[in-house]
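One structure below.
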Amino acid sequence: MKIFDYNNCKTKQIEELFSRPVMNYNSIYKLITPIIDDIKTIGDKAVLEYARKLDNFTGNSIKVSEEELQESVNKVPKELKQAIRVSANNILKFHKKQFPKNYVVETSKGVLCGRKYEPIENVGLYIPGGNTVLISTILMLVIPAKIAGCKRIVLCSPCKGEKLSNELLFTANYLGIEEIYKVGGAHAIAMLAYGTKSINKVDKIFGPGNQYVTAAKSLISIDPNGCPIDMPAGPSELLIIADKTANAVFIAADLLSQAEHGADSQVILLTTDYNLAKSVQKQVYLQLKKLPRRYLAEQSLKYSFIMIVKDINQAIELSNQYAPEHLIMNFKNADRFINKIKNAGSIFIGPYSPESAGDYSSGTNHSLPTYGYAKSYGGVSVEMFMKTISYQKISKPGLKKISDSIIKLAETENLQAHANAIKVRIKNEY
């Protein structure tokens, strides 16, 4: 990783350094639009063909059978089953607190207005499975969906070969998911959004993915015949703020933990200490040599860097501008600065709060906004799997109390029928 001094860099260089390593989306849209159109028009046959062509699927049916689910139970080690249970329990505890409350308020005497939450009935969950099968993402998406009360939860993940991994199937089965499809990429997103003859469409799609998946989610979300999505959640990214008190071994390990996700991931270290920067640079090199996914991490590090900043406040200002998916605050008295963080998907405070903990077992959700969307989106939550319905009950005296305001506003907007709907009730003596 190269080291730069922020205060000696020109504006253009800083902009280039903080740019995400993403492809031109116009070129991605050109590639995936025909795929989406084929799924919409041809349906099941197109889904199967693209699964074979792009996912290297070799089976005859993309739907996971009950037998496959049950077989996975005996093929997963006890240690992994226990890890899944521990993680699931912590995620459940954290997300239960997010369940929203209904309320009713009397805005004027005789005018009762309420708001209630209802679960989205049909949701589709996308589980990435390109270079590795992210079974943790199943936990992060299914648990809040279950808490919300979603009736139908559909899971999709790319399958190389004939069967999905036993680990993935066991996790899904453990959480009570029965409708699972061996398909990934833009074709999976289209299948969920539009449905086919054999697969009913969903009402909202959740889950991270590569740039093609993210682009597909974007396209189907603006199509009136498609469906909404959780957020733009693409390749992983991490920004660390550290001072001289930080451990270089820890910092390097954290940087590499995100760099190994893929070639289009980005990791950044902002530090006030040049000696720490040099130590981290050395540690990244040493630890990188031992990683099985070294090649992917090396590609990611080409777009990553270390930057020397004047002080912690300057680092926080840069972080807020970048709006990272993950932010690690590894410096003295870091918890005192938490309120200064305005834009981040998830924050990790102190030397013993690695991002890996949030990815798996601490309890917070790891499906987070990327590409700077943390400026306007939060991570996946129980509320995302729900919708709100407002309602009102107004007595005749209550309507009379606000009638003049309604009529005046309606007539100002030249909407006489709106005004008349009030007038006939006020004049009516029933």
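Yes or no: Gly129 in a loop (DSSP other than H, G, I, E, B) and in contact with a Lys or Arg (Cβ under 9 Å, 6 or more places away or on another chain)?
Values: in a loop (DSSP other than H, G, I, E, B): yes; in contact with a Lys or Arg (Cβ under 9 Å, 6 or more places away or on another chain): yes.
Taking the combined requirement at face value, the residue satisfies it.
Which ranges mark the strands (runs of 3 or more DSSP E) fully within region 199-282 that have 1 or more residues being within 15 Å of the chain's Cα centre (by Cα)?
Values: elements: 204-206, 237-242, 266-271.
Once the strands (runs of 3 or more DSSP E) in region 199-282 are filtered for at least 1 residues that are within 15 Å of the chain's Cα centre (by Cα), what remains is 204-206, 237-242.
Select from region 308-356 the residues that are in a helix (DSSP H, G or I), aromatic (Phe, Trp, Tyr) and free of Cβ contacts under 8 Å to residues at least 40 places away in the same chain and list them in ascending order. Can you show your working first?
Here is the first cut: in region 308-356, the ones in a helix (DSSP H, G or I) are 312-322, 334-340, 355-356.
When the remaining residues are screened for being aromatic (Phe, Trp, Tyr), the result is 322, 337.
The answer is Phe337, and nothing else.
In region 358-375, is there at least one residue being in the same structural domain as Phe18 (by TED's automatic domain parsing), outside any loop (DSSP other than H, G, I, E, B) and under 14 Å from the mean Cα position of the chain (by Cα)?
yes
Out of everything in region 291-327 that is of a type in the set (Phe, Trp, Tyr) and over 25 Å from Asn365 (Cα atoms), what residue ends up being surrounded by the most Cβ atoms within 10 Å (Cβ to Cβ)? Spell out the reasoning first.
Restricting attention to region 291-327, the residues satisfying the condition of being of a type in the set (Phe, Trp, Tyr) are 295, 303, 305, 322.
Right, trim to over 25 Å from Asn365 (Cα atoms) and you get 295, 303, 305.
Details: Tyr295: 11, Tyr303: 19, Phe305: 17.
The residue in question is Tyr303.
I need the full set of residues from region 376-402 which are crowded, with 16+ Cβ neighbours inside 10 Å and polar (S, T, N, Q), in order please.
Listed by number, the list holds a single entry, Ser381.
The values are calculated or read from the model by the stated rules, or taken from the named source; none is laboratory data. All figures in this text were calculated on a predicted structure; none of them were measured in a lab. No Cβ is skipped: glycine too gets one built from the backbone with ideal geometry, and neighbour counts run over all protein chains shown.
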